[in-house]
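Structure record follows, encoded as C-alpha cells.
What follows is calculated from the coordinates using simple rules that are stated; it is not laboratory data. Keep in mind that this is a model prediction, so the values were computed, not measured. All Cβ positions, glycine included, derive from the backbone under ideal geometry; neighbour counts span all protein chains shown.
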Amino acid sequence: MIRIQLVDDEPNILNSLRRLLKPQGWQIDTYSKVEDALSGLLEHEYAVIVSDYQMPTADGVTYLQFAKQKQPHAIRLVLSAYGDRESMIKAINQAEVYRYLSKPWDDYEVVAALKSAIDLYQLHKENQRLREENDAQRALIKAREDELLRLEADNPGITRVQRDADGSVLLSDD
Amino acid sequence: MTHAAPTNADQEALNAKLEQANRQLLQSEKLAAIGQLAAGVAHEINNPVGYVYSNLQSLESYLTDLFRLTDAVDSAKSLEDLRLIKQNIDYDYLRDDLKDLLAESREGIERVKTIISAMKDFSYIEDEEFKLADLHRGIETTLNVVNNELKYKAEVIREFGELPEIECIMSQLNQVIMNLLVNAAHAIEEFGKITVRTRHTNGNVEIEVEDTGKGISEEHLNRIFEPFFTTKPIGKGTGLGLSLSFNIVEKHNGKIEASSTPGQGTRFRITLPVTQPDPDNHG
C-alpha cells in the first residue's frame, strides 16, 4: 500500500489535504508536529513525504533533510505559503525536493504531483529490486564458477569430462 | 532669511512645518514597517485561503455525490437501489465530514477577516486626536498583525490586568507596541517567550513587553532611542522604530524605559497617564 506523510503545523491544512486525497485510496498519515513526524519515519515506510516550509520547531527543509537520511527512497515535496527564492533554493539544494508547491494550491496540481512522485518512487523501488535480483544471480553464478575451479584444481580435467548420451564417460586419446 | 528675531507668526509656521514633517516621518515609518510585515501577512493569509479553497472543491464533489442520491429518489426502482447508492457514496463519512469541512472553512475565513481588519486598523491614517480607547484591543490588533513574525520565534504570554480606557491615539500606540514585539522576536535566536503585561496603577497604566532574547549590551542600551541607531544589518531596520516610539510615548505624556540583561532578555515598560493632563494641548 502506498503510504504518504503530510507535515504541516496547521491542522486545517492537513484535514483539507486528507479530504482531497481520500478518493485516491492512499494511506495518508498527517502530523502537525515535526517531532511526531520524525517518530512516524521510524514506524512506517513512506512513498512520499510532503512538508510545510515554515513550522515552529524546525523548518521544512531541515525536516526533509532528516527524512532523506532516514528514508532515502521517499520522494520529498514542499508545500509552502512562502514563495520566496531563498526558501526554494534551500529546498532544492539541501533537501533535494522533487516539487515545490505553493499555498494556496490547486487541487489538481497537488494530486498530479503526488501521482508522479509515487510513480518515481515505484520506479526507484523496481530498479532496486531488479538490481538486487541481478546481484543475487551474479553471486549464484560466481559460486558455481568457484566450485568448478576448485574441482578442476583438485582433479584436473574433471570439469571437462565428456559423456555419452546414456551418461557413460567417454575416454579419448588426447 | 532675515536676522531679525522671528516673529510669533514665523515661529508658528515653523512649528506647523515641523509638526507636518514629524507626521510624515511617522507615517512613512509605519508604512515601512507594514512593508516589512507584508511577506509574513501574505503567509498568514495564504494558509487559510489554501485550505478553504481546497475544501470548497471537496465540497463540490460531496454535493455531486449527494445529488446522485437525491436524484435517484425519482428514478430508483426500489429502496434497495437507494441504499446501495448511499453505501456507495460513503454517506456516513460525508455527513460527518461536511460539518468539519464547513466549520474549518468558516474558521479560515474568520482568520483572514481578522488579519485584514487588523491591517486596516493598523494602517489607519486619519485620527490624530486623543480618544478614549481600549489598550487591550489595540494590543490584540497588533498581535494579529505581527503574529507571523512571532509564532515561529516565541510563545506569546498575555498577563493582562484590569485596565480603564485611556485617552490616547491608538493607531500610534499600536505602532509602538508593534516595534516592541518585532524587536523582541528579532532578539530571540531560537525559540523563546514574549510576555505582554499590563497593569493599572494610580492614574497610570503600564504596558510591558518582555522577551527571553539575547539582550542589549550596556553601551547600546543608552542609545536605542536615538534616531537611526540600529544594530541590524543594512536594509533590515531603519533605526527609527524606537526613536519614533519614544516620541509617540512622549506625546502621550508618558515614558518608555528599557532594562536588559545580556544573554537573558530585555524588558520594555511604557507608562501612560489614563487622562491627558491638558485636553487643549495638541503637542
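Numerical summary
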read-out: Considering only the protein assembly as shown, percent of DSSP beta bridges that pair antiparallel, nearest 5; value: 55
read-out: Signed unit charges on C-beta, dipole axis of chain B, positive-most listed residue B:VAL176, B:ILE224, B:LEU37; value: B:ILE224
read-out: A:SER168 paired with A:LEU149, simple spin-label distance in nm, labels 7 Å along Cα-to-beta-carbon; value: 3.6
read-out: Dipole magnitude of chain A about its Cα centre (Cβ charges: Lys, Arg +1; Asp, Glu -1), debye to nearest 20; value: 600
read-out: Test item: Cα-centred dipole of the stretch B:9-125, Lys/Arg +1 and Asp/Glu -1 on Cβ, debye; value: 220
read-out: Compactness of the stretch B:14-67, expressed as Rg and Dmax over alpha-carbon positions, Å; value: 22.5, 73
read-out: Subset of B:LYS77/B:LYS99; A:LYS22/A:LYS68; A:LYS90/B:LYS151; A:LYS33/B:LYS151; B:LYS99/B:LYS151; B:LYS30/B:LYS151 violating a 23 Å alpha-carbon distance limit; value: B:LYS77/B:LYS99; A:LYS22/A:LYS68; B:LYS99/B:LYS151
read-out: Residue among B:LEU79, B:LEU181, B:LEU37 with the largest mean-square fluctuation in a Gaussian network model of chain B, springs linking Cα atoms under 10 Å; value: B:LEU79
read-out: Kirkwood Rh and Cα Rg combined as Rg over Rh, evaluated for chain B; value: 1.19
read-out: Peptide-level mean, for A:6-14, of C-beta atoms on other protein chains within 10 Å; value: 4
read-out: Among beta bridges that DSSP assigns inside chain A, antiparallel share in %, nearest 5; value: 10
read-out: Between helix B:170-187 and chain B: long-axis angle, C-alpha atoms, 0 to 90°, nearest 10; value: 80
read-out: Separation in nanometres of the label points that stand 7 Å from Cα toward Cβ, at A:GLU96 and B:LEU82; value: 5.8
read-out: Rounded D (µm²/s) - the protein assembly as shown, Kirkwood Rh over Cα pairs, Stokes-Einstein at 10 °C, 1.306 mPa s; value: 57
read-out: Two-site label geometry, A:GLU132 and A:MET1: point separation in nm, points 7 Å out along Cα→Cβ; value: 2.1
read-out: Farthest positive-ward along the stretch A:3-121 dipole, Cα basis, beta-carbon charges - from A:ALA112, A:GLN71, A:TYR82; value: A:ALA112
read-out: Least to most buried among A:THR30, B:THR275 (fewest other Cβ within 10 Å first); value: B:THR275, A:THR30
read-out: Estimated FRET transfer efficiency (B:ALA103, B:HIS220; beta-carbon r; R0 35 Å; 0.05); value: 0.10
read-out: Ranked B:MET119, B:MET178, criterion: other C-beta atoms within 10 Å, fewest first; value: B:MET119, B:MET178
read-out: nm² value of the averaged projected area, convex hull over the Cα atoms of the stretch A:3-121; value: 6.3
read-out: 10 Å Cβ neighbours from other chains, averaged over peptide B:186-194; value: 0
read-out: Between 0 and 90°, nearest 10: helix B:241-251 axis offset from chain B longest Cα axis; value: 70
read-out: Using θ = phi - 60° and Karplus 6.51 cos²θ - 1.76 cosθ + 1.60, couplings along the stretch A:62-71 (whole Hz; Gly, Pro as x); value: 4, 4, 5, 4, 5, 4, 5, 5, 6, 9
read-out: Test item: B:151-160 mean partner chain Cβ contacts at 10 Å; value: 1
read-out: Length-normalised contact order for chain B - Cα pairs under 8 Å, 6+ apart - percent; value: 15
read-out: Chain A: calculated mean residue ellipticity at 222 nm from DSSP helix runs of at least 4, using -39500 (n - 2.57); value: -17500 deg cm²/dmol
read-out: Only Lys, Arg (+1) and Asp, Glu (-1) charged, at Cβ; the protein assembly as shown dipole about Cα centre in debye; value: 260
read-out: Highest-fluctuation residue, B:THR231, B:THR141, B:THR114 considered, GNM on chain B with Cα pairs under 10 Å; value: B:THR231
read-out: For B:HIS200, B:HIS43, order by how many other beta-carbon atoms lie within 10 Å, fewest first; value: B:HIS200, B:HIS43
read-out: Among A:LEU148, A:GLN162, A:LEU130 - extreme Cα towards positive end, dipole of the stretch A:86-173, charges at beta-carbon; value: A:LEU130
read-out: The stretch B:128-273: Cα Rg divided by the 2.2 N^0.38 Å rule of thumb; value: 0.99
